Amino acid sequence: MKTVKSKITASGNGLMTNLRADVEICPNVSDKKEGIRFFINGKMIEAKTSNVVSCEHCVVLANVEEGAGTKIALIEHFMAACAICGIDNLDVYFKSQGYEIPIMDGSAKYWVDLFNQTGYQGEQAAVKPVSNHFVFSHNNSMIVLMPNQGKTTITYAVNYNHPDLKNRWVNLDLDKNLDEIIEARTFGYLRDLETFQKMGYSKGVTIENTVGLTDDGGYTAALRSEFEPAKHKILDIIGDLYLTGVNPLGLNANIFVKEAGHALHINFAKNIEKSL
């Protein structure tokens, strides 16, 4: 199993609550696959689809067998970083009031860089390539997974009320643009921010961690790459699908996604995980 070489500490604020979270990321050197595990208030919450209790604004986990009172939120970018780095065993301890994974710059870049700087021990568990087709749809949204002879590719279609993101397709090619996916930041409509904050969400949004889509067709910050917000959706689905316990980047699959979000990602993951 692959884990980090040594203990890591990291601190930052939550995107939804703006509460500070201090996390201690520890190697798990078990010779069996135990996955990504979070520890908070004396409870362990495993990163798995059956522990997802909400997808409304971000992915929220709780140990449903013990009740959903203790939870971990905004795990998708961290999970994507673990998948990208091939980490399959890791223990994460929360040491402060905050229960969100720190948002950092709104992408997976901070975590990927941190893991790479720390180094690794062990070998990633082998992933059996898929041999069947899977299709999941709801209203106008759809996810299709098909076997591929080569590396996993992901093609994602978005259709937002923004000139750059109207009927826009973006792709992940592991040999060409993985860095653009890793550094793609979370996003939202600038006009919705005040409303969300009055509802108690998005309290930690800043110009550094979120790309705002403006009513004049622009952005609140310079993009790191073309169509960055759409590329962030690829990052999200990598993290969400990793809740199956199987690294989606090792499936040797072509994954096509049309106008989906966390809820559809998780429903798709639940429907296919027994076949992986």
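Residue check, K274 against (1) open to solvent by 10 Å² or more (accessible area, probe 1.4 Å); (2) touching a residue at least 24 places away in the same chain (Cβ under 8 Å); (3) among the charged types (D, E, K, R), all met but one. Which one?
Unmet condition: (2).
Which of (1) at pLDDT 95 or above; (2) assigned to a helix (DSSP H, G or I) does K274 not meet, given it meets every other one?
Among (1) at pLDDT 95 or above; (2) assigned to a helix (DSSP H, G or I), the lone unmet condition for K274 is (1).
For the subset of the stretch 39-59 comprising residues that are of a type in the set (A, V, I, L, M) and more than 17 Å from the chain's Cα centre (by Cα), which member is least open to solvent (accessible area, probe 1.4 Å)? It would help to see each step written out before you state the result.
Looking only at the stretch 39-59, we keep the residues that are of a type in the set (A, V, I, L, M), and these are 40, 44-45, 47, 52-53, 59.
Of the ones still in play, those that are also more than 17 Å from the chain's Cα centre (by Cα) are 40, 44.
On the way: I40: 10, M44: 65 Å².
Among residues in the stretch 39-59 that are of a type in the set (A, V, I, L, M) and more than 17 Å from the chain's Cα centre (by Cα), the one least open to solvent (accessible area, probe 1.4 Å) is I40.
Tell me which residues, restricted to the stretch 12-38, are in contact (Cβ under 8 Å) with a residue 40 or more places away in the chain, outside any strand (DSSP E or B) and acidic (D, E).
E34
I need the full set of residues from the stretch 238-275 which are closer than 19 Å to I36 by Cα, among the small types (G, A, S) and more than 14 Å from the chain's Cα centre (by Cα), in order please.
G250
For the subset of the stretch 136-153 comprising residues that are out of contact with any helix residue (DSSP H, G or I) (no Cβ under 9 Å at 6 or more places or on another chain) and not polar (S, T, N, Q), which member is nearest to L235 (Cα to Cα)?
So the residue we want is V144.
Answer yes if at least one residue in the stretch 64-87 is of a type in the set (G, A, S) and open to solvent by 40 Å² or more (accessible area, probe 1.4 Å), and no otherwise.
Looking for residues that are of a type in the set (G, A, S) and open to solvent by 40 Å² or more (accessible area, probe 1.4 Å), one finds at least one in the stretch 64-87, hence yes.
Give the number of residues within the stretch 107-126 that are surrounded by fewer than 20 Cβ atoms within 10 Å (Cβ to Cβ), outside any strand (DSSP E or B), out of contact with any Asp or Glu (no Cβ under 9 Å at 6 or more places or on another chain) and on the phi < 0 side of the Ramachandran plot.
Residues meeting the conditions: 7.
In the set Y93, Y156, which member is hydroxyl-bearing (S, T, Y), open to solvent by 50 Å² or more (accessible area, probe 1.4 Å) and either more than 21 Å from the chain's Cα centre (by Cα) or at negative phi (or both)?
Y93
Going through the stretch 39-60 one residue at a time, which ones are outside any loop (DSSP other than H, G, I, E, B) and small (G, A, S)?
Correct list: S50, S54.
What's the total number of residues in the stretch 96-123 that are under 19 Å from the mean Cα position of the chain (by Cα) and among the polar types (S, T, N, Q)?
Let us first name the residues in the stretch 96-123 that are under 19 Å from the mean Cα position of the chain (by Cα), namely 98-116.
So of that shortlist, the ones also among the polar types (S, T, N, Q) come out as 107, 116.
Number of matching residues: 2.
Would you check which residues across the stretch 2-38 are of a type outside the set (G, A, S), open to solvent by less than 30 Å² (accessible area, probe 1.4 Å) and over 16 Å from C85 (Cβ atoms) and list them? Before the answer, list the steps.
Kept after step one, since they are of a type outside the set (G, A, S), are these residues of the stretch 2-38: 2-5, 7-9, 13, 15-20, 22-29, 31-34, 36-38.
Filter once more, so that each one left must be open to solvent by less than 30 Å² (accessible area, probe 1.4 Å): 3-4, 8, 15-16, 23, 25-26, 28, 36, 38.
Listed by number, the residues that qualify are L15, M16, V23, F38.
Can you find a residue in the stretch 211-223 that is modelled with pLDDT of 95 or more and surrounded by 19 or more Cβ atoms within 10 Å (Cβ to Cβ)?
Looking only at the stretch 211-223, we keep the residues that are modelled with pLDDT of 95 or more, and these are 211-223.
Keeping just the survivors that are surrounded by 19 or more Cβ atoms within 10 Å (Cβ to Cβ) gives 211, 213.
Among the residues of the stretch 211-223, at least one is modelled with pLDDT of 95 or more and surrounded by 19 or more Cβ atoms within 10 Å (Cβ to Cβ), which makes the answer yes.
How about the stretch 237-256: which of its residues are in contact with a Phe, Trp or Tyr (Cβ under 9 Å, 6 or more places away or on another chain) and either assigned to a helix (DSSP H, G or I) or more than 17 Å from L178 (Cβ to Cβ) (or both)?
Once the filter is applied, which keeps residues that are in contact with a Phe, Trp or Tyr (Cβ under 9 Å, 6 or more places away or on another chain) and either assigned to a helix (DSSP H, G or I) or more than 17 Å from L178 (Cβ to Cβ) (or both), the stretch 237-256 yields I237, G239, D240, L241, P248, L249, F256.
What is the residue count in the stretch 201-225 for residues that are farther than 14 Å from G106 by Cα and touching a residue at least 40 places away in the same chain (Cβ under 8 Å)?
Final tally of qualifying residues: 4.
With I182, I234, I238, I207 as the choices, which residue is touching a strand residue (DSSP E or B) at 6+ places or on another chain (Cβ under 6 Å), of a type in the set (V, I, T) and at pLDDT 95 or above? Outline the logic, then answer.
Values: I182 fails: touching a strand residue (DSSP E or B) at 6+ places or on another chain (Cβ under 6 Å); I238 fails: touching a strand residue (DSSP E or B) at 6+ places or on another chain (Cβ under 6 Å); I207 fails: touching a strand residue (DSSP E or B) at 6+ places or on another chain (Cβ under 6 Å).
Just one listed residue meets the conditions, I234.
Hey, among the residues in the stretch 134-146 that are touching a Ser or Thr at 6+ places or on another chain (Cβ under 9 Å) and within 17 Å of L172 (Cβ to Cβ), which one's least open to solvent (accessible area, probe 1.4 Å)?
Per the criteria, the residue is I143.
The values are calculated or read from the model by the stated rules, or taken from the named source; none is laboratory data. Small disclaimer: the values here were computed from a predicted structure and weren't measured. Note: ideal-geometry Cβ built from the backbone for every residue, glycine included; neighbour counts use all protein chains shown. Each accessible area value is taken on the protein alone, full model and side chains, heavy atoms only, with ligands, DNA and RNA left out. Shrake-Rupley method; radii C 1.70, N 1.55, O 1.52, S 1.80 Å.
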